[in-house]
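To start, I am sharing the structure in question, which I have written as C-alpha cells.
The values are calculated or read from the model by the stated rules, or taken from the named source; none is laboratory data. Treat the numbers as computed from the prediction; the structure is a model and nothing was measured. Quick reminder, even Gly has a Cβ in these numbers, built from the backbone with ideal geometry, and neighbours come from all protein chains shown.
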Amino acid sequence: MTDTPQPGKIHCRTIEGMSQTNYFVYIPSETTDQRRIFYTVHGISRNAEEHIHGFIAQAERYGAIIVAPLFLKENFPHYQQLGSSATLERADMAFDHVLQDVHEWLKIPPSPMHMFGFSGGGQFLHRYAMFNPKRVARMVLAAPGWYTFPDPGQKYPYGIKSTLEWPNLKFSMEKFLQIPTLVLTGDEDDQRDKDLNKTRKIDCFQGLNRIERAERWTAAARALGRAYNIPTDFKMESIPNASHAYESYLAHPPFAQQIFDFLFEAQN
C-alpha cells in the first residue's frame, strides 16, 4: 500500500492476510503529539467510518490521529469475543495487524493505546485488554451487551477459565486492573432489545439489561482490586437521553468530549 498520509482526510486501508482486514484513519490538520492516537471499535452495525466522523472535532482539538478497524461480518462474525476459538480466525490478531500497519505507515508507536469501544466494540475492547493489558493505556467502554468477568471459576468468554476452545489461558488481572477504565451507559439503555444477549446464564449472573451488567462488572473489577490491594480507576457514568442507538449517544454533545477528556487527561 502506497497511500500518502494527508491531513484532514479519511483514509481507508486494506490489509491482506488469511482474512482481509480494513480500517479507517483520520489525520488531523495538526498532529501535536505522536502519542495521541485514538482507537475506536464499532458495534455490530460495523459503522467504523461513522465513528471517524463522530470524533473529528475532538481529533482536531487534541491533535489526535483516529484509527477505526472494520471487522467484516463474513470474516469476523464473533469479533466481540475475539473469535470462536483460540485457533480459528481471531479479531484480536487482525487488530494487531492493523497496529503494525499503522506503525509502518505513519511511523508511530503502536502502544500503549487510548481506546474506545461501543456496544460490541466495548466487548471486543475489554477482552482485548484482558489478553494484552500492557498495550492499553486507558479505555472507555460504551454500552457493552455483556462482559467477561475477572472470575477464574467461569469459562471464557463468561469468565477467565480455560476451555477446549480456549485452552491454556493466562491472564494478568493485576495488570488489567491498573488500566483506567470508564464505562458509559445510556440512561434509557435498560431495554431488552433484539440485539441483547438474553441467555439465562448471563441474565442470572450479569443482570437483565446493559445498565445492570455494567454496574455488576464495574463492581467486580473494583472488588478484585481491593482483594489484590491494587488501587483501581474503574468509573461508571450515564449519558442522558441515550438509548442503545449509537446516534443517541452522539446526540448528547458532551459525549465525544467526555471520552477524549478521560483518555487523554494524563497528557494535557
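Condition check ((1) within 15 Å of the chain's Cα centre (by Cα); (2) small (Gly, Ala, Ser)) across all residues:
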| position | (1), (2) |
| --- | --- |
| Lys73 | no, no |
| Tyr79 | yes, no |
| Ser84 | no, yes |
| Leu88 | no, no |
| Ala91 | yes, yes |
| Gln100 | no, no |
| Ile108 | no, no |
| Ser111 | yes, yes |
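Restricting to the range 87-105, and then to whatever is of a type in the set (A, V, I, L, M) and touching a residue at least 12 places away in the same chain (Cβ under 8 Å), can you tell me which residue is surrounded by the fewest Cβ atoms within 10 Å (Cβ to Cβ)? Break it down stepwise before answering.
Of the residues in the range 87-105, the ones of a type in the set (A, V, I, L, M) are 88, 91, 93-94, 98-99, 102.
When the remaining residues are screened for being touching a residue at least 12 places away in the same chain (Cβ under 8 Å), the result is 91, 94, 98-99, 102.
Working: Ala91: 24, Ala94: 26, Val98: 21, Leu99: 19, Val102: 21.
Only one residue tops the list, namely Leu99.
Looking at the range 230-239 only, could you name the residues that are in contact with an Asp or Glu (Cβ under 9 Å, 6 or more places away or on another chain) and either modelled with pLDDT under 95 or of a type in the set (Gly, Ala, Ser) (or both)? Please lay out each step first, then the result.
Of the range 230-239, the ones in contact with an Asp or Glu (Cβ under 9 Å, 6 or more places away or on another chain) are 230, 236, 238-239.
If the condition is that a residue be in contact with an Asp or Glu (Cβ under 9 Å, 6 or more places away or on another chain) and either modelled with pLDDT under 95 or of a type in the set (Gly, Ala, Ser) (or both), then Ile230, Ser238 are the ones that fit.
Quick one: which of Lys235, Lys201, Lys175, Lys155 is touching a strand residue (DSSP E or B) at 6+ places or on another chain (Cβ under 9 Å) and more than 30 Å from Glu60 (Cα to Cα)? If you could, list the steps in order and put the result at the bottom.
On the way: Lys235 fails: more than 30 Å from Glu60 (Cα to Cα); Lys201 fails: touching a strand residue (DSSP E or B) at 6+ places or on another chain (Cβ under 9 Å); Lys175 fails: touching a strand residue (DSSP E or B) at 6+ places or on another chain (Cβ under 9 Å).
That would be Lys155, the only listed residue that is touching a strand residue (DSSP E or B) at 6+ places or on another chain (Cβ under 9 Å) and more than 30 Å from Glu60 (Cα to Cα).
With of a type outside the set (Ser, Thr, Tyr) and not in a helix (DSSP H, G or I) as the only criterion, which of Ala214, Ala242, Ala223 stands out?
Values: Ala214 fails: not in a helix (DSSP H, G or I); Ala223 fails: not in a helix (DSSP H, G or I).
Answer to the check: Ala242.
Go through the range 138-171 residue by residue and tally those that are acidic (Asp, Glu) and more than 15 Å from Arg216 (Cβ to Cβ).
Taking the range 138-171 and keeping what is acidic (Asp, Glu), we get 151, 165.
Adding the requirement that they be more than 15 Å from Arg216 (Cβ to Cβ) leaves 165.
Matching residues across the range 138-171 total 1.
Continuing with this model, one more query. Scan the range 49-64 for residues that are among the aliphatic types (A, V, I, L, M) and either under 16 Å from the mean Cα position of the chain (by Cα) or more than 15 Å from Ile259 (Cβ to Cβ) (or both) and jot them down.
Going residue by residue through the range 49-64, those that are among the aliphatic types (A, V, I, L, M) are 52, 56-57, 59, 64.
Ile52 - this is the single residue of the range 49-64 that is among the aliphatic types (A, V, I, L, M) and either under 16 Å from the mean Cα position of the chain (by Cα) or more than 15 Å from Ile259 (Cβ to Cβ) (or both).
A follow-up question, please. For Gly122, indicate whether it is in contact (Cβ under 8 Å) with a residue 24 or more places away in the chain, closer than 23 Å to Phe76 by Cβ, assigned to a strand (DSSP E or B) and in contact with a Pro (Cβ under 8 Å, 6 or more places away or on another chain). Talk me through it step by step, then tell me what you get.
Details: in contact (Cβ under 8 Å) with a residue 24 or more places away in the chain: yes; closer than 23 Å to Phe76 by Cβ: yes; assigned to a strand (DSSP E or B): no; in contact with a Pro (Cβ under 8 Å, 6 or more places away or on another chain): yes.
When the stated conditions are applied, Gly122 does not pass them.
Does Ala137 satisfy the condition of being in contact (Cβ under 8 Å) with a residue 12 or more places away in the chain, small (Gly, Ala, Ser), touching a strand residue (DSSP E or B) at 6+ places or on another chain (Cβ under 8 Å) and not in a loop (DSSP other than H, G, I, E, B)?
Numbers: in contact (Cβ under 8 Å) with a residue 12 or more places away in the chain: yes; small (Gly, Ala, Ser): yes; touching a strand residue (DSSP E or B) at 6+ places or on another chain (Cβ under 8 Å): yes; not in a loop (DSSP other than H, G, I, E, B): yes.
Yes; evaluated as a whole, the condition is true for this residue.
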